[in-house]
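**Student:** Mind having a look at this structure? Questions to follow.
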Amino acid sequence: MVVTLAYLLIDVRPRPNGGSWYGYTLGTIGVLLILWLTALGLRKRAMTSGRWSLKAWTSAHVYLGLSLVVIGTLHTGFQFGWNVHTLAYVLMMLVILSGIFGISVYAVIPRRMSDNREQMTQMQMLDGLRAVDRQLHDSAQPLPQREAAIVQRSLEQDPFGGGIAARLTGRYPRCATAQSFEEIRRSTGPRPDVGTDPLEKIDALLDRKMAMLVQLRRHLRYKAMLEIWLYIHVPVTFALLAALTAHIVSVFFYW
């Protein structure tokens, strides 16, 4: 609010810009803020309490980072071009936007992850999936070759393969378990009870495995959403520091 009012009230000729005394003032404040905000990565290694606790530092990191939207924009004087100065501004905005995304997911995703896990850890969910696979392997032994091959496809394929796109969307269109389940279901029909027919037991096990895969894939999707923004936020922060250095050097070199 203060910097905005000052920008509107101070008479800078011929127009407000980063090269005016007010522009240099905002630029200095912005650089100091960026350096302090970057120090959060080092600050995380020290656990303290009270006013300088990591929680308080992180909270300040969020609010001061958002203030850079105003400070940085007013520093430019709304003068943009194909140069290192605008590049530094664009990188700063990318860092801020990725941070906003991080704040958003951390406000929602942890609760969803907790509800989805149903008081189980990721390792426990994986152990349960492996137990079902062992039962599928044993139950497929007396099956004819064709049906056994169908079950084997489910056991051999990595159910979490598909890359980062599959991890973030939770969609696995080539899932061998889903395909095996559909083929076995066509042979058994919709039977709710497991009888003596080995195919019926396979059907029930594949149905159970599908439900477990849905739960695990949802868990991994939430986990990826909590992590993916950092793969943008951190590298772009270093790129910002490099562009900021070039911006400062070029300004004082020509100045």
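The values are calculated or read from the model by the stated rules, or taken from the named source; none is laboratory data. All values derive from a computational prediction rather than experimental measurement. Glycine gets a Cβ as well: all are built from the backbone with ideal geometry, and neighbour counts include every protein chain shown.
**Student:** Inside region 121-141, can you point out the residues that are surrounded by 15 or more Cβ atoms within 10 Å (Cβ to Cβ) and not in a helix (DSSP H, G or I)?
**Tutor:** Ala140
**Student:** Do you know which of the residues in region 101-120 that are without any contact (Cβ under 8 Å) to a residue 24 or more places away in the chain and not charged (D, E, K, R) is surrounded by the most Cβ atoms within 10 Å (Cβ to Cβ)?
**Tutor:** Once the filter is applied, the top-ranked residue is Met120.
**Student:** Identify the single condition in (1) in a loop (DSSP other than H, G, I, E, B); (2) surrounded by 12 or more Cβ atoms within 10 Å (Cβ to Cβ); (3) modelled with pLDDT of 80 or more that Gly19 does not satisfy, given that it satisfies every other one.
**Tutor:** The number of the failed condition is (3).
**Student:** Based on this model, can you work out whether Gly170 counts as free of Cβ contacts under 8 Å to residues at least 40 places away in the same chain, closer than 13 Å to Arg217 by Cα and touching a Lys or Arg at 6+ places or on another chain (Cβ under 8 Å)?
**Tutor:** no
**Student:** Take the residues in region 64-120 that are farther than 26 Å from Trp36 by Cβ and among the β-branched types (Val, Ile, Thr); name whichever of them is nearest to the chain's Cα centre (by Cα).
**Tutor:** Ile109
**Student:** Condition (residue is more than 30 Å from Ala243 (Cα to Cα), part of a helix (DSSP H, G or I) and of a type outside the set (Ser, Thr, Tyr)) applied to region 79-93: is it met by at least one residue? So that I can check it myself, show each step before the final result.
**Tutor:** We begin by selecting, within region 79-93, every residue more than 30 Å from Ala243 (Cα to Cα); these are none.
Taking every residue of region 79-93 in turn, none turns out to be more than 30 Å from Ala243 (Cα to Cα), part of a helix (DSSP H, G or I) and of a type outside the set (Ser, Thr, Tyr).
**Student:** Now for a separate question. Sort through Ala243, Ala211, Ala239 and tell me the only one that's free of Cβ contacts under 8 Å to residues at least 24 places away in the same chain and more than 16 Å from Ile164 (Cβ to Cβ).
**Tutor:** On the way: Ala243 fails: free of Cβ contacts under 8 Å to residues at least 24 places away in the same chain; Ala239 fails: free of Cβ contacts under 8 Å to residues at least 24 places away in the same chain.
None of the others qualify; the one that does is Ala211.
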